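Before we start, here is the structure in question, set down as structure tokens.
The values are calculated or read from the model by the stated rules, or taken from the named source; none is laboratory data. The structure displayed is predicted, hence computed values, not measured ones. Here the Cβ is made from the backbone with ideal geometry for all residues, glycine too, and neighbour counts use every protein chain on show. The accessibility values were calculated without ligands, DNA or RNA, using every heavy atom of the protein model including side chains. Shrake-Rupley method; radii C 1.70, N 1.55, O 1.52, S 1.80 Å.
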Amino acid sequence: MSLKTFCKLIVADVVLAMAVPGLALLPSKLHFMTEVALISHALLLCYIENRFFNYSSIYYYGLEDDIMYPSYMVILTTFVGLALVRRLSVDNRIGPKAVWILTCLYSSKLAVLFITSKSVVWVSAILLLAVSPPLLLYKDKSRTASKMKAWQGYAHASVVALAVWFCRETIFEALQWWNGRPPSDGLLLGFCIILTGLACVPIVALHFSHVLSAKRCLVLVVATGVLFVLMQPPIPLSWTYRSDLIKAARQSADDISIYGFMASKPTWPSWLIILAILLTLAAVTSIIPIKYIVELRAFYSIVMGIALGIYISAEFFLQATVLHALIVVTMVGTCVFVVFTHFPSASSTKLLPWIFALLVALFPVTYLLEGQVRIKSILGDNGFGDFEEEDRKLTTLLAVEGARTSLLGLYAAIFMLIALEIKFELASLMREKAVERGGIRHSHSSSQGSSTSFPPRMRFMQQRRASTVPTFSIKRMAAEGAWMPAVGNVATIMCFAICLILNVNLTGGSNQAIFFLAPILLLLNQDSDFVAGFGDKQRYFPVTVAISGYLILSSLYSIWQDVWHGNAGWGLEVGGPDWFFAVKNLALLILTFPSHIVFNRFVWSYTKQTDSTPLLTLPLNLPSIIITDVIQVKVLGLLGIIYSLAQYIISRQQYISGLKYI
């Protein structure tokens, strides 16, 4: 900036500042002149400070820390200006619209301290002017006019969106400074959508808090932006606006000379997962009324299944083309099962068990087909002597193992989701049944108390209505929920078994994993065909039995493996080191059995035993902890001590509670 121009701006700013006190003394009808002078002064101040702070390249003695216009001057002028606006507003010298504009202008100057963009002051001012009206222009809660109308809300939201789009280059520069590299189109669009949604929060929270659809749309907008940021889908060139600044950042000569032209990985499947998540949110928030329209429910579940199936196939099984159709069918079946279990229709209760049977049948078919097709293609080749051919075969075998492990994880997640959904639905049915029983009992008692005031015909109709409700409840349980416990139990057991297989494949059979996998068995349901007498009272029994059984089998396998690697073969020399090792650890393993047996029986029945029983079995675990050479036996010993102490404490509390009741 030339010195002549600088002097003109300073003189103009000083003249406006000196004119404001005189204009403030004019009558209230001429207060607009004070507002115009203050706004002009603020605009000139923003322009001068922006030029000094962002455009200046004059440093003292070449030191970068000593810039010509320091940061504290920006902060000082900002807070002095805000204090001036506050004082004039309290004295009724300026109106609310001038307060709004001046507050946004003075606050926008602070952006230069955080973002090194030459247009950041004006961009921040535009954003603040677009976002702040719900906070500053409609804040008088005593008047009904302070609330926005619907068209005003739409207008303000549109202005916010246009302001964010106008400021996209500054957002691009901020993201580039934060990441150290130019952001992708998906990341830039995602941040613009998030910023638009967050900027509309004051509109919804202050003026449309009673409108549920506005809250749901706001959640969808913010969720869309978050998904764009996380997934960064590819944006078609026809949808993007690339200014010279963005083009220059994307095509840097230095980057090309250093890294060359690099082909990026195709990310088009991310659009499918974004679609699936947004459809789920729309259904959960009832924007899509799948709860009331069966056809829409079926179409929704099929679209969800196809989107998820194609995404999983393209992201994780791109080379295994034979699996794509099976995975899509599996995901469509899963989505149909989950959606129609949560919102059943008249005929869905008859078809859902068959859909689950199809999913169970597809699991081994998909698992075996993935490996057999590629392995046969390898064995069909004749070039066994070529080193490159052998390397390719080894790579293919490793890919098959990786694909099979991914399939196991996919089906474990599917069966877990089905088990959780069925557990939730059964709990809801039982809760409704309990509410119906309570309502019937209440209505029956009220009908008896008011029998003298009702005519005989009305009393008969009320008794008939009360007698038909439990029959309907029992029929509903028999029709809708008869297959649910069995299907839920099968899904739970298959999920647990697959997780155990994954534990062996990925961690080599970690002992700590069983403590995280055993709680899956809490999803088991009461079913007389599964285990007689198993109910909600015994829900912890499968967990404790699974932990004890897994550790016992792991101990036996570890002992056998240590002996086998000791070159003992199929026969052990009596008195040899392998024989002594096996006998000692097996004996110590057997010593841990009493505590586990007693505790598992207690968890099954919860019948009080003598207090001495768990205390007598507790010392048997000490030798297993101290002497054993196998870590699994040591864990069993520690677990046995914990079981014995827990059983003693629970039994003691039951005994004390019984005495208090008596």
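Output wanted: per-residue J couplings in Hz (rounded whole) for the stretch 410-419, from phi through Karplus 6.51 cos²θ - 1.76 cosθ + 1.60, θ = phi - 60°, x for Gly and Pro.
Ordered by residue, 3J(HN,Hα) equals 5, 6, 4, 5, 5, 5, 4, 4, 5, 5 Hz.
Peptides 154-164, 334-344: what's the order by average Cβ count within 10 Å, highest mean first?
Answer by packing, highest mean first, reads 334-344, 154-164.
What are the ³J(HN,Hα) couplings of the stretch 269-283, residue after residue, when phi is run through the Karplus curve with 6.51, -1.76, 1.60 and θ = phi - 60°? Round to Hz, x for glycine and proline.
x, 4, 4, 5, 5, 5, 4, 5, 5, 5, 5, 5, 5, 5, 6
Let me ask you something else. For the stretch 178-228, what % of the accessible area comes from carbon and sulfur atoms, probe 1.4 Å?
Whole-percent figure for carbon plus sulfur exposure: 74.
For Q654 and K118, compute 0.36 nm times the residue count separating them, minus their Cα-Cα distance, and round to one decimal in nm.
185.6 nm
From the protein chains alone at 1.4 Å, what is the descending order of accessible area for W604, W560, largest first?
Ranked from most to least accessible, the order is W560, W604.
Let me ask something else about it. When Lys and Arg each count +1 and Asp and Glu each count -1, what net charge do the other residues less than 15 Å away from I274, Cβ to Cβ, add up to?
-2
With unit charges on the beta carbons (Lys and Arg positive, Asp and Glu negative) and the dipole taken about the Cα centre of the stretch 133-236, which residue among T170, A223, Q152 sits farthest to the positive side?
Farthest along the dipole direction, towards plus: Q152.
Please find the FRET efficiency linking L586 to S510, where r is the Cβ-Cβ separation and R0 is fixed at 22 Å, and quote it to the nearest 0.05.
Working: r = 23 Å, r/R0 = 1.03.
Step by step, r from the Cβ atoms, then E = 0.45.
Provide the packing ranking of 177-188, 617-628, i.e. peptides ordered by the mean count of other C-beta atoms within 10 Å per residue, highest first.
Ranked by mean Cβ neighbours within 10 Å, highest first: 617-628, 177-188.
Still on this structure: At 7 Å along Cα-to-Cβ for each site, give me the label-to-label distance between K350 and K4 in nm.
Modelled inter-label distance: 9.4 nm.
Turning to a different aspect of this structure: Give, as a single signed number, the net charge of other residues whose beta carbon lies under 13 Å from the beta carbon of A42, with Lys and Arg counted +1 and Asp and Glu -1.
Working: positive: K109; negative: D13, E35, E49.
Spelling it out: positives minus negatives among the neighbours equals -2.
Run the simple label-point estimate for Y557 and I287 please: 7 Å along Cα→C-beta, distance reported in nm.
Distance between the two pseudo-spin positions: 4.8 nm.
A follow-up question, please. Please find the FRET efficiency linking S209 to S605, where r is the Cβ-Cβ separation and R0 is fixed at 56 Å, and quote it to the nearest 0.05.
The pair S209/S605 has a calculated efficiency of 0.60.
Provide the solvent-accessible area of H596, counting protein heavy atoms only and rolling a 1.4 Å probe, rounded to the nearest 10 Å².
Only protein atoms counted, so the area is about 10 Å².
Among residues other than G153 whose Cβ falls under 13 Å from its Cβ, what is the net charge (Lys/Arg +1, Asp/Glu -1)?
Counting the neighbours of G153, the net charge comes to +3.
Going highest first, how would you order 501-507, 552-558 by mean Cβ packing within 10 Å?
552-558, 501-507
How far is it, in nm, from the label point at F299 to the one at A19 when both lie 7 Å from their Cα along the line to the Cβ?
6.3
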